[in-house]
1. For the stretch 23-177, what's the radius of gyration and Dmax over Cα atoms, in angstrom?
2. With all protein chains present, calculate the accessible area of L93 using a 1.4 Å probe and round the result to the nearest 10 Å².
3. Sorted by accessible area (1.4 Å probe), largest first, how do I27, I80 line up?
4. Taking the Cα centre of the stretch 17-76 as the origin, how large is its charge dipole in debye, to the nearest 20, when only Lys and Arg (+1) and Asp and Glu (-1) carry charge on their Cβ atoms?
5. Note down the nm distance, to one decimal, between modelled labels 7 Å out along Cα→Cβ at A37 and at V168.
Amino acid sequence: MSMIKKRVRNNKSQEAIGMSFSMIFSIILIIFFIAVAFMAIRYFLKVQNCARVGDFVSEVKIKTTEAWDSQKSGFEKKYILPSNLEYVCFADLSQELRGQNEAVLEDLGFFQEWEKSNMLLYPKGNSCNMPVHNIEHLDIAKMTKTKNPYCIEVKSGQITLKFEKGYVDRLVTISGV
């Protein structure tokens, strides 16, 4: 008889909580695994964005060198960048800053490698610690004749760049399309 009373008491205490301990423990484990999954997904998306920035910089260097190696060149190339990047800027940092994008350079801060850099990604916090780059064979003086820095807007994570070099040009110019 006492065995039956104990079972009744256990069932009543479980009814008061509404769930058994194993059920509550299972729910806690499910919540934990979902949280870990979201953190892993977020990490891999960040890695993907950083890979896009690195690929973009490498591809711009390659395409600029290809255009520079040819006698005459003119082609467009579309790139996919992280959607949180706003501008790709080209600047002659040895010259006076002018135009409406001076705030872009001020926000990038001061880097030691600026003196040899001519391409900047804005905002710097979204460029995976790679905001400044040196692209060889660019006619940066021609590109920044009217605006220094010359910035091209990234729209919805996409940007199209036009690479040009004429017969008499020694260097390549890049412009937005």
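1. For the stretch 23-177, the Cα-based Rg and Dmax read 19.5, 77 Å.
2. 50
3. Putting I27, I80 in descending order of accessible area: I80, I27.
4. Magnitude of the dipole: close to 180 debye.
5. Spacing of the two 7 Å Cα→Cβ label points: 6.5 nm.
The values are calculated or read from the model by the stated rules, or taken from the named source; none is laboratory data. Predicted, not measured: the structure shown is a model, and the values here were computed from it. Cβ: placed from backbone, ideal geometry, glycine included. Neighbour counts: every protein chain shown. To get the accessible areas, we keep the full protein, side chains included, count just its heavy atoms, and leave off ligands, DNA and RNA. Shrake-Rupley method; radii C 1.70, N 1.55, O 1.52, S 1.80 Å.
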